[in-house]
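In what follows, a single structure is set out as structure tokens and then discussed.
Since every read-out is calculated from the coordinates, none of them should be taken as a lab result. Fair warning: this is a prediction, and the values are worked out from it, not measured in the lab. When we count neighbours, we look across all protein chains shown, and the Cβ atoms used for this are built from the backbone with ideal geometry, even at glycine.
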Amino acid sequence: MQLFYISMPAGPGRKILLLLFTLLISCTVRGAYREEFGARDRFWKHQVQAKTLVFEGVDHYQNIDRCLLENKQEKTENEEKEYAQRKIVNRIVDSLTGGVLLVEIENAIRPEHAESVKTLAFCIRKYIPSLTTSRSLFTEFSLEEDQSDDFTGEETLGGNVPTFMAPVISIFLPEVVQEMQEILEMAYVAAGWVANTIKDDILNTIPSEAIPAPKDVGIRTSEHLTYKNFPSLGSHDDGATSFTVNFALAGPEEYKGGEFFIIDEESNKYHMKPNKYSCLVFLGGKYFHGVTTNSGNREMFSTEYWAYPDTPFGITLNNAEPRFMEDYIKACNDSGEIPCKAKFLPEIEEDSEDSEYDYDDYNYDDDGDFDNEDEDEDSEDADEYHNDDDGEDDYYKGGAERFRLTPLKQGQMHPIRWGSDRKMVSDHALRIGLPAELRKELRKFMEDYGIVDAARHHLFSESLEAHSVTFRELKHKKKMQSNLFQIHRPGMYDMSDNIWFDPGNEVTHEEELAALGRGNFDLVLDAIGNYFGFKNLTVYGMGIFALSQCNVGAPLHTDGEGTGLINVLVAIELVDGADPEFVISDENGRFGEFKYEHDVGLVIGGDVLHGTIAHDYRESQSMRLVASIYIADVTDRNVEAIMDENSSMFPLEGDIRWMNAQRGRHWGSGNTLVNDKGRDSFEYDDSDNDYCQQKARNGWCTNSKYAREMFWKCPKSCNVYDPKFNLSGKNPDIASVL
């Protein structure tokens, strides 16, 4: 979205004006939530004043202070780099969005500050060893065992060994924190991230997804990192983090391999190996990144900034989640106590004596360095979310988690995982990269038949009543033909203005299949078929729905438990800046909010509970337009169940004969949509020719009161089936297919 355009002179003056403009905007733009959050140091400032640092009943302030003095490194003139020597040496641009995703700055941290960071990490390991852990990525993702990395092809997800330093580093090394802030501001200006800040401010983006100005961020975590015990660090993003700032404490000559990589929205991967004292500043919460296989002494200092204040002492990245921080801020604001005495993790402290990691499994040598032991074992998730005690709900009440989204190539499928712990929602809830031409062709199909205009008409001019059904012949804008559509508002959507456009007969269904073929939906079928190990696939329906408003209390539902069907949702038109629109639940009633994406489809199995989140676009007359495509591997076991779940007029509910004629039509055994040979033919005719022809002339085929009965009794007069698939005009035994 282009927010503004400013004409600036070329040459050195342009850079100066751009710098001044960015600084001006970053000083004036301020999210509405900042006053509520308070100062970034509000949860640890008292510890500086009182000179206390109590952890697990022991005050470590004097120990850390003395340790820093005893191990202080003297400044050397030949190593010290002056501020003027800092320079930007690299910018990585997202090939899809055109925005800068990473800035590399050389000579970013003074050598004496780098040594201070390493000394502080040593002191923390010595006196508070439980703030260091061996962090394997597969346990972070809540996987049962290690596995290969989808993006890198590495055989392991790897990990690292962090020493958690926030807010200890702010208490004891404020000069280093100030330098970190200067580096962040330098990168922010160089990358032009002020545009992200302005956009988020205009759209009132929630804090956990916002890109604030540097003055409005706090430290989510600050970690001294080594990679002992791990050959690599798999691809991951940093969740609710706005900016990640990585300082290299070791030079590239000190280790082999160990290249940092970052992946843009087009799944292009960029590698770099920063020099000692250089820094990488990137949008860690939005882009996947990691470290390739390495050996030697790879040592980094990594800080993640977010749109909240600094985390209080004792809270590590394991629990630094937005929902916990927001609850903590509210509790502190409500109490008015300074310092705040509220608990950051009340449910964990009260309900479980076990932390996420068992730190007793780790040993440290006499120097306070981490000693290689067995990797940490899986532990009970201390914060599994349940909307109700029994894990069941008939509608969504709000306040759910967000899912972790990954960049996808066309045809690539990834399970949907929770943002906080990486657990899969369901084996049958996935995202898939769509071919670019699919949305284009489906949009064209909808515009050619006037579906887009009809949707706007019913949403904003002449609304349909809940449970209402109507049929309309929609004329093609360019061809001399029209097709029958069932336009209806199902009863389950009486909490919203959701309008559905389903095919009114098989001829319209065949037109939809042709549009899917032109849009390369074969790529989607191939990905789904191979992922689930299906033998054959059939596209047996495509509905189109549009909505602009939904109230709280809209029911959740599944599309057909036990049917084996797959629903692929393809966003055709979305509302810019809208909040997540879709909610999904796992089998335990843990809810997550999902935001539709252009050119990324949502794959939902028949057993996945889902629904629509409350929203209202009516003031701007905006709407969400989505194609809902139903596919299945039709077998003797599921054919009856699939047809019993069908809610549209076509295909007919219970029409097993028609579904059996579709088996394996579109994928498997060399079949495709592009080279579709059609379904198997069968005989059909009216049960009573005179009766059917008379009632058809009277409009009963498209009268919602009589249509379903007419479709069964009078398929020929009502043009239910495509005549090209009729074997003969013989009169079938209608009762045999009911």
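Report the gain in length on full extension from Asp494 to Ala578: 0.36 nm times residue separation, minus Cα-Cα distance, nm rounded to one decimal.
That works out to 28.1 nm of additional length.
For Asn660 and Tyr531, FRET efficiency with R0 = 30 Å and r from the beta-carbon atoms, rounded to 0.05? Working shown, then result.
Details: r = 25 Å, r/R0 = 0.83.
The formula returns an efficiency of 0.75 here.
FRET efficiency for Glu36 and Asp616, Cβ-Cβ distance as r, R0 = 25 Å, nearest 0.05?
0.55
Can you give me the relative contact order of segment 214-298 as a percent, contacts being Cα pairs under 8 Å and 6 or more apart?
Rounded, it is 44 percent for segment 214-298.
Gap in Å between the Cα centre of segment 92-131 and the Cα centre of segment 601-664?
49 Å
Between Asp427 and Glu465, how many nm apart are label points set 7 Å from Cα along the C-beta direction?
A separation of 4.5 nm, rounded to one decimal place.
Taking 0.36 nm per intervening residue step and subtracting the Cα-Cα distance, what contour gain separates Arg708 from Tyr691 on full extension?
4.6 nm is the gain from fully extending Arg708 to Tyr691.
How high is the FRET efficiency between Ser335 and Glu253 when r is their beta carbon distance and R₀ equals 45 Å, given to the nearest 0.05?
Values: r = 53 Å, r/R0 = 1.18.
Efficiency, rounded to the nearest 0.05: 0.25.
Name the long-range amide H neighbours of Thr156: under 5 Å, sequence gap of 5 or more, or other chain; modelled H, no Pro or chain starts.
Asp149
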